[in-house]
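See structure below.
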Amino acid sequence: MTSQIDAIRTAILEGAPADELANLPLPEATRAAVVLAEEQEMFEGVASEDKDPRQSVHIQDVALPELAPDEAVIAVMASAINFNTVWTSIFEPVATFGFLKRLGKESAWGARHDQPFHVMGSDASGVVLRVGSAVRNWKPGDRVTVHCNHVDDQDPTSHDDSMMALNQRIWGFETNYGGLADLSIVKANQLMPKPEHLTWEEAAVNALCNSTSYRMIVSPNGAQMTQGQSVLIWGATGGIGAYATQYVLHGGGTPVGVVSSPERAALLNEMGCEAVIDRRAEGYRFWSDEHTQDPKEWLRLGKKIRELIGRDVDIVFEHPGRSTMGASVFVARKGGMIITCAATSGYNIEYDNRYLWMNLKTLKGCHFANYREAYEANRLVCEGRIHPTLSTVRTLEETAEAALLVHRNEVEGKVAVLAMAPEEGLGVTNPEMRERLLPQITLYRRFHG
Ligand code: NDP
């Protein structure tokens, strides 16, 4: 297996032509970062913050399944850690094996996913090695990034906005054979062109967070921000927040970025976000105890926003959940929108509904992105208008440590994971463009090298 992977790697690095790549033998198994069904109870009784991915994530070889007609095999050059990698590795809020079982019951092809192991990972950059017989738009040798919307297009509910499909899933979270592996299996309608000016690791970190933020901020399916609108962004240098900040700036809006350190505040300033709130320095205590929120603290946040931009925000980019939702609903302007895609700090949310209905605000749920939205978001990266927020890189063997960094909120932006790429810095085919955009591309690397 190792020699076959080495031969594929060498061929990719040497720029072998498509027919040569298509004819290289594929190994029957791949190295992958997995969690195991037999260990899904291992953290019972342990507090969430103490659950350690280093105990649950294993690097091992797993057999590759037969390729379905609408799928492709990808040589994963690099992947990334997402918060769903953290959720998978600590089996929260539920272990992912239930998702795989449900998929397994749907069809014969779905049954391949129901395994005692789960290959994690919902991002990848790499090279197409094989395509199934029904794949029309992609071929071996194509350099790609992968978005994580996994949809069965024979389901009528997937034909409008595919995020509304009843069988919509997130690849590598609700399906098996994710991106944290040397080889991965994806549907052809997950593929997008790799940005030419980016390295493999820079190209690998965008799709999940960038597409999510695109839908939340830009798309009519989200808040559809217009020029001059203001947006409060929680975690504005985090995985999704750092792309949200870029979209608000790029779309002519005013971001009000919330972060938790002076270093992160300075980073926001460098991105062009002038209105910044350091939540730790301000010492907000939205919850006075486990059961009670303090509206005076919401008011204090609202005043701070008015001080910074002279008005209330039109949109709140919400994802921390329980800890912030009361404040988010309060500070949105009359008629404004709170758009939410997550609940990192707790999903049983409480807010004062009077502020919502009396002020005609909208609370809107949002989740990843359809293929069109992901493709548009990827195009903006390809054109150098939106930039990767890569701050640090680890190897596949270090996946668990990388997930722990994100779990503990110790990194800004994104953590990439090298799979088949032997080192950082490879994969660029448009060096002139890269040179021109280097300061923006590498802005997040200052913290962790
Ligand atoms: P990150 O950990 O990279 O960033 C989140 C940021 O939020 C942190 O950096 C932190 O910034 C801030 N934050 C964390 N906890 C709190 C809190 N209690 N109060 C205020 N701010 C807080 O995660 P991601 O950005 O990648 O993901 C965020 C959430 O969104 C996760 O729950 C994830 O699962 C979800 N998600 C959902 C998607 C979807 O499609 N539905 C897609 C992608 C992510 P700071 O400390 O600087 O304030």
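The values are calculated or read from the model by the stated rules, or taken from the named source; none is laboratory data. Here the structure is a predicted model, which means the values were calculated and not measured. As a convention, Cβ positions derive from the backbone with ideal geometry for all residues, glycine included, and neighbour counts pool all protein chains shown.
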Checklist entry - Among Ala203, Ala223, which is the only one that is in a helix (DSSP H, G or I), buried (at least 22 other Cβ atoms within 10 Å of the Cβ) and not basic (Lys, Arg)? => result Ala203
Checklist entry - Within region 213-240, can you find the residues that are near the ligand (Cβ under 10 Å from one of its atoms) and under 28 Å from Pro431 (Cα atoms)? => result Ser213, Thr237, Gly238, Gly239, Ile240
Checklist entry - Of (1) touching a residue at least 60 places away in the same chain (Cβ under 8 Å); (2) buried (at least 18 other Cβ atoms within 10 Å of the Cβ), Tyr347 satisfies all except one. Which? => result (2)
Checklist outcome for this item: Residues of region 293-327 being under 15 Å from Pro255 (Cβ atoms), in a helix (DSSP H, G or I) and not hydrophobic (A, V, I, L, M, F, W, C), in sequence order, are Lys304
Next on the checklist: Suppose we filter Leu129, Leu166 for residues that are part of a strand (DSSP E or B) and over 30 Å from Lys51 (Cα atoms); which single one remains?
Outcome noted: Leu129
Checklist outcome for this item: Filtering region 75-101 down to residues that are within 11 Å of the chain's Cα centre (by Cα) and part of a helix (DSSP H, G or I) yields Phe83, Asn84, Thr85
Item to check | region 169-196 - residue that is within 16 Å of the ligand (Cβ to nearest atom) and in a strand (DSSP E or B) and, of those, surrounded by the most Cβ atoms within 10 Å (Cβ to Cβ) | outcome: Arg169
Next on the checklist: Condition check: modelled with pLDDT of 95 or more and closer than 11 Å to Val119 by Cα. Does Ala37 satisfy that?
Outcome noted: no
Checklist entry - Restricting attention to region 310-327, which residues are crowded, with 16+ Cβ neighbours inside 10 Å and not small (Gly, Ala, Ser)? => result Asp312, Val313, Asp314, Ile315, Val316, Phe317, Glu318, His319, Pro320, Arg322, Thr324, Met325
Checklist outcome for this item: If we take region 364-449, then helices (runs of 4 or more DSSP H) inside it with 2 or more residues that are among the hydrophobic types (A, V, I, L, M, F, W, C) and more than 16 Å from the ligand (Cβ to nearest atom) are 371-382, 431-441
Checklist entry - Could you say which residue among Tyr351, Tyr347 is among the hydroxyl-bearing types (Ser, Thr, Tyr) and either within 14 Å of the ligand (Cβ to nearest atom) or in a strand (DSSP E or B) (or both)? => result Tyr347
Item to check | Search result, residues across region 144-159 that are of a type in the set (D, E, K, R) and either crowded, with 19+ Cβ neighbours inside 10 Å or on the phi > 0 side of the Ramachandran plot (or both) | outcome: Asp152
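One line per residue, one yes/no per condition, for (1) closer than 15 Å to Ala72 by Cβ; (2) polar (S, T, N, Q); (3) part of a loop (DSSP other than H, G, I, E, B); (4) within 15 Å of the ligand (Cβ to nearest atom):
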position: Ser133; (1), (2), (3), (4): yes, yes, yes, no
position: Trp138; (1), (2), (3), (4): yes, no, yes, no
position: Gly141; (1), (2), (3), (4): yes, no, yes, no
position: Thr145; (1), (2), (3), (4): yes, yes, no, no
position: Asp160; (1), (2), (3), (4): no, no, yes, no
Checklist outcome for this item: Going through region 167-185 in order, the residues found to be farther than 16 Å from Ala419 by Cα and modelled with pLDDT of 95 or more are Gln168, Arg169, Ile170, Trp171, Phe173, Glu174, Thr175, Asn176
